[in-house]
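Q: One structure coming up, written as structure tokens, with questions to follow.
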Amino acid sequence: MHMTDVAVDISNVTKMYGSFTALKDVSLAIQDNEFFTLLGPSGCGKTTLLRTIAGFEDITKGAIRLYGDNIADLPPNKRPVNTVFQQYALFPHMNVTDNVKFGLLRLGQDDATASARVGEVLELVQLTQFADRLPSQLSGGQQQRVALARALAPNPKVLLLDEPLSALDLKLRQAVRLELQQIQHETGITFIFVTHDQEEALTMSDRIAVIADGRLQQVGSAREIYEAPSNKFVADFIGETNLIDVTVIDVSNGNATCTLPSGATFTCPAADGAQKGAGHLSVRPERVAMTKPAKSLLQGKASRQIYLGTDMHVEVTLDDQEVVTVRVQNSETTHIPSIGETVGLNFEAGAARLLVD
Amino acid sequence: MAGALTTSKASNNSTYAGLGNLLMLPSWLVIGFFLVLPVGMMLIYSFLTKEFRGGIIWEFSLAAYDQFFFDRGLFGDDPARIEWTYIKIFWRSIWQAGVATFFCLLIGFPTAWFIATRTGNSRSIWLFLITIPYWVNLLIRTISMKFLIRDTGPLNEFLISTGIISDPIHIINTNFAVQLGLFYSYLPFMVLPIYASVERYNFALSEAAADLYASRITTLRQIILPTVKPGIIAGCILVFVPSLGAFLAPDLLGGAKTFMIGSLIEEQFKGNAGNWPFGAAVSMILLSMVLIVLTYYARQQSKSGER
Amino acid sequence: MAKKLDIRRFPGFLPITYLCLFLLYAPLIIVMIYSFNDSNSITNWGGLSLRWYEDVFWGVESEKFKTAAMNSLLIAVAAAITSTSIATMAATAMLRAGRFRGKSIGFALINLPLMVPEIVTAVALLIFFSMIGFTTGYLTILLAHIVFCIPFAYLPIAARMQSIEEVYEQAALDLYASRLDAFRLILLPLMTPGIISGFLLAFIISLDDFIITNFVKGAGIETLPTAIFGAVKQGIKPNIMAISTLLLLVSVVFVTLSYLVGRMGQNKK
């Protein structure tokens, strides 16, 4: 990888609020022209990280480089990055045009140049006919696009988006996702997107960084993070998973051999750092199959059925009282065990992964 | 905990961080120079010696405070006895202010409660109606009261013409007139803070209490009063403190018998007494009393903040 | 059927509220009515007339009251402008400058004029001005008024600023605005209703003040309240009631304006 391909280089960033550590030793390299997502539960530090890049939070330790230049000590108005705020923060006393023009004028552009650029950007977000409206006269979706236009107008090197879709309703949110991706492709600007919504992260991003408790948990593509989570937290946070207690008896070549609660021996891929001893096996509910007890890895009794519409969850309580959830399609042909019925559970080696804590 | 966290967040990265003292400079200059410093000088003044025919001599003296507390006879050489004249004036002021405060609370609490339990527009209109008289010139309000309660004023005329009384009730120049004046002057001060605390009160708590078999009186005593207590205390202080040092009500509505601290002080500077160090000393004593009340209030506030 | 228990309602609170309003307004309304009395005596009713208003504007004492009113007006405008500017800066320091040394003592300082009894402030200022040899006059009145108007101007300004999220200024900084631009182009326009409210309240407070003015005014200089007080000392005359009514109306108009401006700002949000 070439140095200049890195748009934002975050190295060993720590942020303290008094004695509280909001970010602990975070290192990340965000590539040029990438749609990069910071994902995590609320309060995990993802917004703090975004705000350190924007310049609204100073960092306690570490460095932030933008295309090679250290920007950690620059105030926000000296950083060539722009932000789309969570509640948009459109200036309520200015119309759409003046909002979008604001940054251009502050950069010293003359009015004609700025106006031309405003026209361009409003066209990009399809708001040309709303140029004279006040923010309060726009719908939530339109406000969101004004915020995007305002942040894109100065042609920032990196665009920061702080949960920009969270204020929209579900239908609109799905439409805007596609639009955002498209705009990112058209402009070629690096997007750093913060969200707590895993579905949003999985569908939009080139790469995702999962953050919890101020620490970076895993960085990778949507598929990597979903299918090869590096630890228990990631497996649990992204989608749903069963975590089965196992005893690891051997680890070699990235594979682990372990004993299941039923006593059966099972070999599957293991996360980095897996060791002998107690461990957790992660299996997604949709990758578990119910069979006859005789030919299965695990056995238990169906203890609960949860209706989800297109699918159903069947909870199976194993002999050691652990509960494994199985996702089955909700159709006439699927056999759904009744409560108390003894069932066997099977899964492929490729569907399971041994995790570290 | 979470709250503390967000405030520290905001404060570390505020828009005008580092400019705090610069922005406060004008306030410091104006209030520091024209209030803090003058009060300091007043303190010094209260320890100076008075000269005959007004004026002062720059010589340290406890005479002003001595005059307040002790009576040493006409020539100042009798053994010191406690001087009751000024203590009585203070005591009367406290009593008058206390009575006014009590009646303000009696009327103000139900009013504040009633307004706070209105909804939307009607609430702000009620509130507005209560605030307007406060903004009307205090002097004019006191004059109005004086006009109303004169022996030959509209109140007596009305009562006589309706036959309720045959001779005018003598109100003006009594303690009651002063109490009425103080009550009338500062009633809005009682309503507003109580209103604010009732408005903040979560009525789901009352419902929960009623659900748990509490009677209305129990609910009022155990649930509502503790929550609105800070508002009541604030209201009482806002009425009591200005009443204590009031000048207009005792001067215009009262007479010689209703002399209060404000008139005593005024007399030292504007009137015939002309004893500036003594006036400064009386002012210092008044200020100290007010500060004691306010400190007590601040303590209460921080205590309820901890809860 | 059992009556539904309304926990918000206490019997008798409505009549007391009406009583409260009655007590507050009755004396003012009676004075207003008597200001139209066509009689030389304040006691007897002699029919409706505007003669006492004519007397206020063109009568024997009219020059005295006009001069006093002009003094009051000029001082109130100057005091309100100055104290509003000072209070705006102070509110920015308190709400937008984060933590700094002297913040809490600064907050106490702004509220100090509210804590010190008026008569004490009056005495302290009189002593101070005479001690430093400052000739009492317009300037001493103005300075005193600025001091006690600051907390009144501060209240609506700070309340308004608190309701404006700081994210607007952050957005401005993000869009390359300097801090001065963020203040000038974003915070100040959004603050306008609060600043107008603050100005109007400060104006009324200055216009209304009697006690402090009475102490620090120089010989021969009168504001409207001190002139009225001086006249009342000779006994209430009908023209006083006309002046009082006029001053009362000015206060009501200003407070209503301040209230409406404040509401306008809220509705916009």
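The values are calculated or read from the model by the stated rules, or taken from the named source; none is laboratory data. Computed from a predicted model, the values in this text were never measured in an experiment. All Cβ positions, even for glycine, are placed from backbone atoms using ideal geometry, and neighbour counts span all protein chains on display.
Q: Just give me the residues in segment A:314-357 being assigned to a loop (DSSP other than H, G, I, E, B), acidic (Asp, Glu) and out of contact with any His (no Cβ under 8 Å at 6 or more places or on another chain), in sequence order. Step through it out loud before you land on a result.
A: Applying the first criterion (assigned to a loop (DSSP other than H, G, I, E, B)) to segment A:314-357 yields A:319-322, A:330-341, A:347-348, A:357.
If we keep only those that are acidic (Asp, Glu) too, we end up with A:319-320, A:322, A:332, A:341, A:348, A:357.
Those that are assigned to a loop (DSSP other than H, G, I, E, B), acidic (Asp, Glu) and out of contact with any His (no Cβ under 8 Å at 6 or more places or on another chain): A:Asp319, A:Asp320, A:Glu322, A:Glu332, A:Glu341, A:Glu348.
Q: It is to be established whether one or more residues within segment A:185-198 are at pLDDT 90 or above, part of a helix (DSSP H, G or I), more than 18 Å from the chain's Cα centre (by Cα) and more than 23 Å from A:Asp69 (Cβ to Cβ).
A: yes
Q: Examine segment B:275-286 for a residue that is without any contact (Cβ under 8 Å) to a residue 60 or more places away in the chain, surrounded by fewer than 19 Cβ atoms within 10 Å (Cβ to Cβ) and of a type outside the set (Phe, Trp, Tyr), and state whether such a residue exists.
A: No, segment B:275-286 contains no residue that is without any contact (Cβ under 8 Å) to a residue 60 or more places away in the chain, surrounded by fewer than 19 Cβ atoms within 10 Å (Cβ to Cβ) and of a type outside the set (Phe, Trp, Tyr).
Q: Pairs please, first residue from segment C:174-201 and on the phi > 0 side of the Ramachandran plot, second anywhere and among the polar types (S, T, N, Q) and part of a helix (DSSP H, G or I), Cβ atoms under 9 Å, 6+ apart in sequence or on different chains.
A: From segment C:174-201, the pairs are C:Tyr176/A:Asn77.
Q: Determine which member of the set B:Phe247, B:Phe176, B:Phe183 is free of Cβ contacts under 8 Å to residues at least 60 places away in the same chain, in contact with a helix residue (DSSP H, G or I) (Cβ under 6 Å, 6 or more places away or on another chain) and closer than 30 Å to C:Val232 by Cα. Spell out how you get there, then give the answer.
A: Numbers: B:Phe176 fails: in contact with a helix residue (DSSP H, G or I) (Cβ under 6 Å, 6 or more places away or on another chain); B:Phe183 fails: free of Cβ contacts under 8 Å to residues at least 60 places away in the same chain.
Just one listed residue meets the conditions, B:Phe247.
Q: Among the residues of segment A:35-50, how many are touching a helix residue (DSSP H, G or I) at 6+ places or on another chain (Cβ under 9 Å) and buried (at least 17 other Cβ atoms within 10 Å of the Cβ)? Give the steps one after another, and end with the answer.
A: Here is the first cut: in segment A:35-50, the residues touching a helix residue (DSSP H, G or I) at 6+ places or on another chain (Cβ under 9 Å) are A:35, A:37-41, A:43, A:48.
Add one more test, that the residue is buried (at least 17 other Cβ atoms within 10 Å of the Cβ), and what stays is A:35, A:37-40, A:48.
Within segment A:35-50, residues that are touching a helix residue (DSSP H, G or I) at 6+ places or on another chain (Cβ under 9 Å) and buried (at least 17 other Cβ atoms within 10 Å of the Cβ) number 6.
Q: Moving to a separate point now. I'd like the residue in segment C:224-239 that is at the interface with chain B (Cβ under 7 Å from one of its Cβ atoms) and assigned to a helix (DSSP H, G or I) and, out of all such residues, is farthest from the chain's Cα centre (by Cα). Please lay out each step first, then the result.
A: Narrowing segment C:224-239 to residues at the interface with chain B (Cβ under 7 Å from one of its Cβ atoms): C:225, C:228-229, C:232, C:236.
Now narrow it down to the ones that are assigned to a helix (DSSP H, G or I): C:225, C:228-229, C:232.
Numbers: C:Pro225: 13, C:Ile228: 18, C:Phe229: 19, C:Val232: 22 Å.
Of everything passing the filter in segment C:224-239, C:Val232 is farthest from the chain's Cα centre (by Cα).
Q: Give just the number: which of (1) surrounded by 15 or more Cβ atoms within 10 Å (Cβ to Cβ); (2) in contact with a Leu (Cβ under 8 Å, 6 or more places away or on another chain); (3) part of a helix (DSSP H, G or I) does A:Pro164 not satisfy?
A: (3)
Q: Any residue that is part of a helix (DSSP H, G or I) and either more than 7 Å from chain B (Cβ to nearest Cβ) or closer than 30 Å to C:Leu187 by Cα (or both) - is there at least one of those in segment C:38-46? Steps first, answer last, please.
A: Here is the first cut: in segment C:38-46, the ones part of a helix (DSSP H, G or I) are none.
Taking every residue of segment C:38-46 in turn, none turns out to be part of a helix (DSSP H, G or I) and either more than 7 Å from chain B (Cβ to nearest Cβ) or closer than 30 Å to C:Leu187 by Cα (or both).
Q: Filter segment C:185-201 for residues that are of a type in the set (A, V, I, L, M, F, W, C), farther than 14 Å from C:Met89 by Cβ and within 12 Å of another protein chain (Cβ to nearest Cβ) and give the result.
A: C:Leu185, C:Ile186, C:Leu190, C:Leu200, C:Leu201
Q: Of the residues that make up segment C:156-175, is at least one within 14 Å of chain A (Cβ to nearest Cβ), crowded, with 24+ Cβ neighbours inside 10 Å and assigned to a loop (DSSP other than H, G, I, E, B)?
A: yes
Q: Here's another thing I want to ask about it. Could you look through segment C:1-59, keep only residues that are of a type in the set (A, V, I, L, M, F, W, C), at pLDDT below 85 and closer than 26 Å to B:Arg118 by Cβ, and pick out the one that is surrounded by the most Cβ atoms within 10 Å (Cβ to Cβ)?
A: C:Ile7
Q: In addition: Residues A:Gly18, A:Gly62, A:Gly40: which one is within 23 Å of A:Leu74 (Cβ to Cβ) and of a type outside the set (S, T, N, Q)?
A: Working: A:Gly18 fails: within 23 Å of A:Leu74 (Cβ to Cβ); A:Gly40 fails: within 23 Å of A:Leu74 (Cβ to Cβ).
Of A:Gly18, A:Gly62, A:Gly40, the one residue that is within 23 Å of A:Leu74 (Cβ to Cβ) and of a type outside the set (S, T, N, Q) is A:Gly62.
Q: Now for a separate question. Restricting segment B:47-66 to residues that are touching a residue at least 40 places away in the same chain (Cβ under 8 Å) and of a type in the set (Phe, Trp, Tyr), which is nearest to C:Met131 (Cα to Cα)? Outline the logic, then answer.
A: Applying the first criterion (touching a residue at least 40 places away in the same chain (Cβ under 8 Å)) to segment B:47-66 yields B:47-50, B:53-56, B:61, B:63-65.
The next check asks that each one be of a type in the set (Phe, Trp, Tyr); those that pass are B:47, B:65.
Values: B:Phe47: 14, B:Tyr65: 21 Å.
The residue in question is B:Phe47.
Q: Only one of these is among the aliphatic types (A, V, I, L, M), closer than 27 Å to A:Gln198 by Cβ and in the same structural domain as A:Arg177 (by TED's automatic domain parsing): A:Ala54, A:Ala63. Name it. Give the steps one after another, and end with the answer.
A: Details: A:Ala63 fails: closer than 27 Å to A:Gln198 by Cβ.
None of the others qualify; the one that does is A:Ala54.
Q: With the structure loaded, tell me whether A:Ser139 is among the hydroxyl-bearing types (Ser, Thr, Tyr) and surrounded by fewer than 18 Cβ atoms within 10 Å (Cβ to Cβ) or whether it fails that test. Break it down into steps so the answer makes sense when it comes.
A: Values: among the hydroxyl-bearing types (Ser, Thr, Tyr): yes; surrounded by fewer than 18 Cβ atoms within 10 Å (Cβ to Cβ): yes.
Yes: the conditions hold for A:Ser139.
Q: Here is a further query. Exactly one condition in (1) within 8 Å of another protein chain (Cβ to nearest Cβ); (2) at positive phi is false for B:Gly163; which is it?
A: (1)
Q: Another question, then. Hey, C:Pro27 hits all of (1) under 30 Å from B:Ala100 (Cα atoms); (2) more than 13 Å from chain B (Cβ to nearest Cβ); (3) not β-branched (Val, Ile, Thr) but one; which does it fall short on?
A: (2)
Q: Collect the residues in segment A:199-228 that are part of a loop (DSSP other than H, G, I, E, B) and modelled with pLDDT under 90, keeping them in residue-number order. Working first, answer last.
A: To start, the set of residues in segment A:199-228 that are part of a loop (DSSP other than H, G, I, E, B) comprises A:205-206, A:213-214, A:221, A:228.
Listed by number, the list holds a single entry, A:Ala228.
Q: Considering only residues that are basic (Lys, Arg) and more than 24 Å from B:Asn173 (Cβ to Cβ), which ones fall in segment B:81-110? Explain how you work it out, then say what you get.
A: Residues of segment B:81-110 basic (Lys, Arg): B:81, B:88, B:92.
B:Arg81 - this is the single residue of segment B:81-110 that is basic (Lys, Arg) and more than 24 Å from B:Asn173 (Cβ to Cβ).
Q: Still on this model: Starting from segment C:251-269, keep only residues that are at pLDDT 70 or above, then list their pairs with residues that are among the hydroxyl-bearing types (Ser, Thr, Tyr) and crowded, with 18+ Cβ neighbours inside 10 Å whose Cβ atoms are within a distance under 6 Å, requiring at least 6 positions of separation or different chains.
A: C:Ser258/C:Ser197; C:Val261/C:Ser197; C:Gly262/C:Ser197
Q: Now for a different question. Every residue in segment C:87-103 that is over 27 Å from C:Leu200 (Cα atoms) and at the interface with chain B (Cβ under 7 Å from one of its Cβ atoms), please. Break it down into steps so the answer makes sense when it comes.
A: Filtering segment C:87-103 down to residues over 27 Å from C:Leu200 (Cα atoms) leaves C:98-102.
Within segment C:87-103, C:Gly98, C:Arg99, C:Phe100, C:Gly102 qualify.
Q: Output the residues belonging to segment B:139-163 that are over 27 Å from C:Leu14 (Cα atoms) and touching a helix residue (DSSP H, G or I) at 6+ places or on another chain (Cβ under 7 Å).
A: B:Leu139, B:Ile140, B:Ile143, B:Lys146, B:Phe147, B:Gly153
Q: Further question on the same structure: Given the conditions (1) over 24 Å from the mean Cα position of the chain (by Cα); (2) touching a residue at least 24 places away in the same chain (Cβ under 8 Å), and given that A:Gln129 satisfies all but one, which numbered condition is not satisfied?
A: Here A:Gln129 clears every test but (2).
So that you can scan it fast, the table gives a plain yes or no per residue for (1) free of Cβ contacts under 8 Å to residues at least 24 places away in the same chain; (2) closer than 23 Å to A:Gln184 by Cβ:
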site: A:Phe20; (1), (2): yes, no
site: A:Asp32; (1), (2): no, yes
site: A:Glu57; (1), (2): no, no
site: A:Phe91; (1), (2): no, no
site: A:Val96; (1), (2): no, yes
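Q: Assigned to a helix (DSSP H, G or I), out of contact with any helix residue (DSSP H, G or I) (no Cβ under 8 Å at 6 or more places or on another chain) and hydrophobic (A, V, I, L, M, F, W, C): does that describe C:Met89? Walk me through how you get there before you give the answer.
A: Numbers: assigned to a helix (DSSP H, G or I): yes; out of contact with any helix residue (DSSP H, G or I) (no Cβ under 8 Å at 6 or more places or on another chain): no; hydrophobic (A, V, I, L, M, F, W, C): yes.
Taking the combined requirement at face value, the residue does not satisfy it.
Q: So, in segment A:81-121, exactly how many residues are of a type outside the set (Gly, Ala, Ser), more than 28 Å from the chain's Cα centre (by Cα) and within 30 Å of A:Thr52 (Cα to Cα)? Explain how you work it out, then say what you get.
A: Just the residues of segment A:81-121 that are of a type outside the set (Gly, Ala, Ser), to begin with: A:81-88, A:90-102, A:104-107, A:109-111, A:113, A:117-118, A:120-121.
From what's left, more than 28 Å from the chain's Cα centre (by Cα): A:91-102, A:104-107, A:109-111, A:113, A:117-118, A:120.
In the following step, the residues that additionally are within 30 Å of A:Thr52 (Cα to Cα) were identified as A:91-102, A:104-107, A:109, A:117-118, A:120.
The total comes to 20.
Q: Name the pairs: first residue in segment A:154-181 and under 14 Å from A:Ser205 (Cβ atoms), second residue surrounded by fewer than 23 Cβ atoms within 10 Å (Cβ to Cβ) and of a type in the set (Lys, Arg), Cβ to Cβ under 9 Å, at least 6 apart or on different chains?
A: Once the first residue is under 14 Å from A:Ser205 (Cβ atoms) and sits in segment A:154-181, its partners that are surrounded by fewer than 23 Cβ atoms within 10 Å (Cβ to Cβ) and of a type in the set (Lys, Arg) give A:Leu165/A:Arg173; A:Leu165/A:Arg177.
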